[in-house]
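Report on one structure; see the data block that follows.
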Amino acid sequence: MNSVLREAADLGDGLQSQVRQASDQDPSIRGADWRLATVASIQTTGTVTTTDGVVARRTDLYVTPVVGDTIILTVSGMGNWLAVGRVAPVTTAGTWQALTYNGTWSAWGAPHYSPAYRINGDGTVSLSGLAKAPGSTTGTSTIATLPTAARPAQKARFSTIVNPGVNGALDVNTDGTIQITDYSGTAIWATLDGATFRLT
């Protein structure tokens, strides 16, 4: 009887070894797995194709795919790949980043937040802070320039305040420039709080 049990145990060990070897070669054999990949193309069927040829269905967390995104892929026990979402850039992973001012624009200072931007996980960018205008600013003026990763695909426009009781427009352009425009008189500041725009 002991020899039968020993043979059965040996057979089980052998099968487990074969499964481990096969799973190393084909991740779809495993119950679950994940890895990183880069998006090469986006289909209207709700899938993306990666640079190494994997076709993955997007989850509802990954609503704004962009070619070039680094994404997290997971695989089900049936070998179907799912695109969970993008991996945020290391330098801007959901944290506020200081804006690069144009000319002599600067931060207004306490008690207000310094002008900053943040790339959000849902494919949008938010602005924050109060910027101080150079002296005698009377027309369209560029406050700062956003880095390439934080620029909108289309121009975005918001309301802003440039002087007590004086409203203007805040434009975020596709080249990354953030400008005040469409106001009368002299601007002494520009409010950025509440401006959020799409990347795509």
Restricting to segment 142-200, and then to whatever is in contact (Cβ under 8 Å) with a residue 24 or more places away in the chain and of a type in the set (Lys, Arg), can you tell me which residue is least open to solvent (accessible area, probe 1.4 Å)? Arg151
Mind telling me which of the residues Gly129, Gly109, Gly123 ends up being open to solvent by less than 30 Å² (accessible area, probe 1.4 Å) and under 23 Å from Asp69 (Cβ atoms)? Gly123
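The values are calculated or read from the model by the stated rules, or taken from the named source; none is laboratory data. The shown structure was predicted, so the numbers you read here are calculated from the model rather than taken from an experiment. Ideal geometry is used to build each Cβ from the backbone, glycine not excepted, and the neighbour counts take in all protein chains shown. Heads up: the accessible areas ignore ligands, DNA and RNA and are worked out on the full protein's heavy atoms, side chains in. Shrake-Rupley method; radii C 1.70, N 1.55, O 1.52, S 1.80 Å.
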